[in-house]
Amino acid sequence: MNMILHRFLAAFGQYLILMGKVFSLPERWRMFLKQYVKEMSQLGVDSIGIVLLISFFIGAVICIQIKLNIQSPWMPAFTTGYTTREIMLLEFSSSIMCLILSGKVGSNIASEIGTMRVTQQIDALEIMGINSASFLILPKILGLLTMIPFLVIFSIAFGFIGAYATAIMGVITVDDLTLGLLHDFNQWYVWMSIIKSLFFAFIIASVSSFYGYTVEGGSFDVGKASTNAVVRSSMLILFADIFLTQLLS
Amino acid sequence: MIELRNLYKSFEDKEVLHDINAVFEEGKTNLIIGQSGSGKTVLMKNIVGLLTPTRGQVLYDGRDFVQMNKREQVLIRREMGMIFQSAALFDSMSVLENVMFPLDMFSDQNQADRERRARFCLERVNLKGAENKLPGEISGGMQKRVAIARAIALNPKYLFCDEPNSGLDPKTSLVIDDLIHDITTEYRMTTIINTHDMNSVMGIGENIVYIYQGQKEWQGNKDQIMTSTNERLNSFIFASDLFRKVKEANGNA
C-alpha cells in the first residue's frame, strides 16, 4: 500500500513539474500558432467523424431503448424524447464522448510524444535550447480545449438526429420526439456539458502527454505508455465527472 | 574550445564518470572513443547539458555551462549543433522543413532568406533534390546528411555527433566523416564525435580521448595511436585483424 502511494505521489509530483514547464510563454509565437492550428486539426477536426458516428447511433439506440423499456400508456408521450435529450446533454456528449476521445486522442498523443522521446527528437529540441515540454504539449492542450466545445455540440446535435432517424423507422413519431426534446429545456445543461468537457479535455491532453513525455526505453515502452495514458485519463475523467456533476448541478 | 575539468557523474550509488579532464580544440575533429558501456554517451550528454555532472566543470570558451542559469544555458545551446545516432529528424516534417526548423525558431530572417539558407545547407551536404521528401522516405546515410545540414543551419560554434556512422555502410561512413571534418575546418567549429568506428578514428581523429570504465585512459591523435604503448587502448583499437595487420605493417616500415 505504501509502495503504491509512494509511486502515485512521485508520478503526481513529476506531472506537476512537467505542467510547470508546459505553461510558459512560447519562444516563437509564429511557430506556436503553426503547432496550435496543426493540433486543432489533428486532435479536433480529425475526431469529428468518430464523434458524429457514435453520437448518431447512441442517440438512436437510447431512443429505441427508452421507448421499449420505459415508455408505457400511462406515461406522457414526450417521455422518450425528453429522456433521450437529458442523457445526451448531461452525460453522453460530455463524459462518455470524452471517454471515447481519451482512447483515440489520448493514445495518439502518448504514442506521438513517446516515439519522439525514444527516437531522440525531444533531445534534439532540448539541444537547440527549446523548451520541448512547452513546444510539444501546450499546443496540444490548447488545441483540444479549443475544439472540445464544438465536438460536444456536434455530438448533441447528431445524437438528436440519430433519435429522429428512429422516427423514420417508426419507433416514435416525429411530433412526440420533438415535444420531448423541447419539454422543460434547461439551457444550463448545455453549458454544463461544455464546462465538463473542458476539464476532461485538459485531463486527456495533459495526462497523455505526461505518459508520452516520460517514456524510457523503446517501442514496447511507447505501447505501454499509450495504454497507461488511456487507462489513467479514463479513470480521472470518471472521478472528475462525479465531482463536476455534483458541483455544477 | 571546450574543456572538461574534474568531471564526475554518478547515478545513485554507481559512479559512471570519474575525474575526466580533457580539452577539445577549435577547428579540429575531437573524438571520444571507448567500448560500449564505457561511459562515452554519458560523457557526451554531460557536455551538451542533457545530464548534469555530479561534480566538475564543462567550459565553453571559458564559460562554465554547469554554473550557468537557464537563460545562459539556452543562449549557449543556440551555438550548438548536434547529430544524433538515430539522426533524430522530425518525422512529420519534410527534409527542407527539418533544416529550416532551427532557423524558424531562432532566426529573424524572412521566410525567403530562411529557405535560401536551408537550401544552401542541403546543397553543402550534397542533398539537392530531396527537399520535399519525408525522413522515412530517404536512406540512413541521407538522414545523417539532413541531420548535419540541420545542425549547421545556424552556423554553430560547437558541433556534437553521437555515433554518426552507426548503421551505415563503410563507404557512406567515410562520406559522413569527410563531411563532418570539412565542415569543422571550414567553419572553425569545435567538433566532438562520439564513436567506436575505427575507420573514423584513423581517418579524422585529430584529437582522440579514450574512455575506459568511466575514466580518461589516453589522449592523443591518430598518428600517436599507432605508436601508443597503452595496453588497454591497444587491445581496444587493434581488436580486429585488419587494424592489427596495419599496425604490424607500420611497425615494419
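The values are calculated or read from the model by the stated rules, or taken from the named source; none is laboratory data. This structure is a prediction, so every number in the text was calculated from the model and none was measured. Cβ placement follows ideal geometry from the backbone for every residue including glycine, while neighbour counts extend to all protein chains displayed.
Among the residues here, A:I109 qualifies as within 22 Å of A:L33 (Cα to Cα) and either at pLDDT 95 or above or crowded, with 19+ Cβ neighbours inside 10 Å (or both).
For region A:1-37, a tally of residues being without any contact (Cβ under 8 Å) to a residue 60 or more places away in the chain, more than 14 Å from chain B (Cβ to nearest Cβ) and not aliphatic (A, V, I, L, M) returns 6. Inside region B:177-203, residues that are under 12 Å from the mean Cα position of the chain (by Cα), of a type in the set (A, V, I, L, M) and within 27 Å of B:S228 (Cα to Cα) make up a count of 3.
Of all residues in region B:46-75, those that are surrounded by fewer than 19 Cβ atoms within 10 Å (Cβ to Cβ) and facing chain A (nearest Cβ under 9 Å) total 4.
Checked against (1) assigned to a strand (DSSP E or B); (2) in contact with a helix residue (DSSP H, G or I) (Cβ under 6 Å, 6 or more places away or on another chain); (3) within 23 Å of B:D177 (Cβ to Cβ); (4) not β-branched (V, I, T), B:K9 passes all but condition (3).
Quick check on my filter: what residues within region B:78-116 are buried (at least 19 other Cβ atoms within 10 Å of the Cβ) and more than 13 Å from every other protein chain (Cβ to nearest Cβ)? Across region B:78-116, the qualifying residues are B:V95, B:L96.
When A:D123 is tested against (1) within 14 Å of chain B (Cβ to nearest Cβ); (2) at pLDDT 95 or above, just one condition goes unmet, and that condition is (2). Flag not set for B:F65, criterion: among the aromatic types (F, W, Y) and not assigned by TED's automatic domain parsing to the domain that holds B:I183.
Contact map, region A:123-145: residues that are free of Cβ contacts under 8 Å to residues at least 24 places away in the same chain paired with residues that are assigned to a helix (DSSP H, G or I) and of a type in the set (S, T, N, Q), Cβ distance under 6 Å, separation 6+ or inter-chain. Pairs shown: A:L125/A:S132; A:E126/A:S132.
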